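Bear in mind these aren't lab numbers, they're just calculated from the coordinates by the rules spelled out. Computed from a predicted model, the values in this text were never measured in an experiment. Cβ placement follows ideal geometry from the backbone for every residue including glycine, while neighbour counts extend to all protein chains displayed.
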Amino acid sequence: MALEVKLEAFEGPLDLLLHLIEKNKIDIYDIPIVEITEQYLEYIRQMETEDMNVMSEFLVMAATLLDIKCRMLLPREVDEEGQEEDPRAELVQKLLEYKMYKYMSYELKDLQTNAGISYYRKMDMPDEVAAYRPPVDYAQLIGDTTLARLQEIFRGVMRRQADKVDPVRSTFGKIEKDEVNLEEKSAYVEDFLHTRRRFSFRELLEKQNSRMEIIVTFLVVLELMKVGRISVEQESIDDEIVVTVKEDI
């Protein structure tokens, strides 16, 4: 069955397919793929366009239709559930989605058109009326609420707030970060070594102002021991730790 197709501007191959289906009053769920393919190819033959990107989209759809046409002639494939697969299923799904979006765009366009012809009157209420606020009847607002009732409500709110407090974590103190500059502390220890060749480790630590400074100073001393700048000795566990400078610095 030959069909004379008037060349119209279509937004893409799906738009052309949907046009052919609606014009022939075909059930979109049961597309006669042979007939539609012939009509589609007839339109492709009559197309005249210099835009290869547009033309390539229509050619890809033509190849898809020919592929479906060939698969329709072969025995149907069976899925995991034992049901025969329809080669047209994927194409039908794309057409349904395209049709939905197309008609949604029509709805949005109508809304935009209607909004363009709608005019709203500006508010011209007098300032006195706009600023008016009805008086508050405090007796009606309070109702049967008494001072005792308000106090009971307040106690209930405070009780619920107290229940939210963690009895353990609420006793924790605030942890404050003690800022200690490692480079400055290293320079301080270097200056200390310049004035002494042999000294007590306790003497070095006593000049620190916080626990973090003591820890950083200890780390600096360990690094100096590692690189061989100083040596540390202690005759017994109860004796002082003695630091000796091994070279001039």
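Label positions at residue 223 and residue 238, each projected 7 Å from the Cα along the C-beta direction, are separated by 3.6 nm. Between residue 96 and residue 54, the distance separating the two model label sites (each 7 Å from Cα on the Cα→Cβ line) works out to 3.1 nm. Distance between the 7 Å Cα→Cβ label points at residue 140 and residue 159: 3.3 nm.
The gain in end-to-end length when the residue 132 to residue 27 segment is fully stretched comes to 31.4 nm, 0.36 nm per residue minus the alpha carbon separation. In sequence order, segment 155-162 has phi-based couplings of 5, x, 5, 5, 5, 5, 5, 5 Hz under the Karplus curve 6.51 cos²θ - 1.76 cosθ + 1.60, θ = phi - 60°, and Gly or Pro positions carry x. With neighbours defined as other Cβ atoms within 10 Å of a residue's Cβ, the residues 128, 233, 203 order from fewest to most as 128, 233, 203. Under the rule a/c < 1.5 gives rounded, and otherwise a/b versus b/c splits prolate from oblate, where does segment 42-140 land using the Cα gyration tensor? Note, shape of segment 42-140 comes out oblate. Length gained on full extension, residue 182 to residue 66: 34.2 nm, using 0.36 nm per residue less the C-alpha separation.
Here the extension length gained between residue 46 and residue 109 equals 19.6 nm, from 0.36 nm per residue of separation less the Cα-Cα distance.
Cα centroids of segment 195-245 and segment 84-121: 80 Å apart.
Only Cα pairs under 8 Å and 6+ residues apart enter the sum, and on that basis the relative contact order of segment 182-245 stands at 42 percent.
Applying 1/(1 + (r/R0)^6) with R0 = 51 Å to the Cβ-Cβ distance of residue 152 and residue 123, what FRET efficiency is obtained, to the nearest 0.05?
Values: r = 46 Å, r/R0 = 0.90.
For residue 152 and residue 123, the calculated efficiency is 0.65.
Taking the number of Cβ atoms within 10 Å of each Cβ as an exposure proxy, the fewest-first ranking of 243, 54 is 54, 243.
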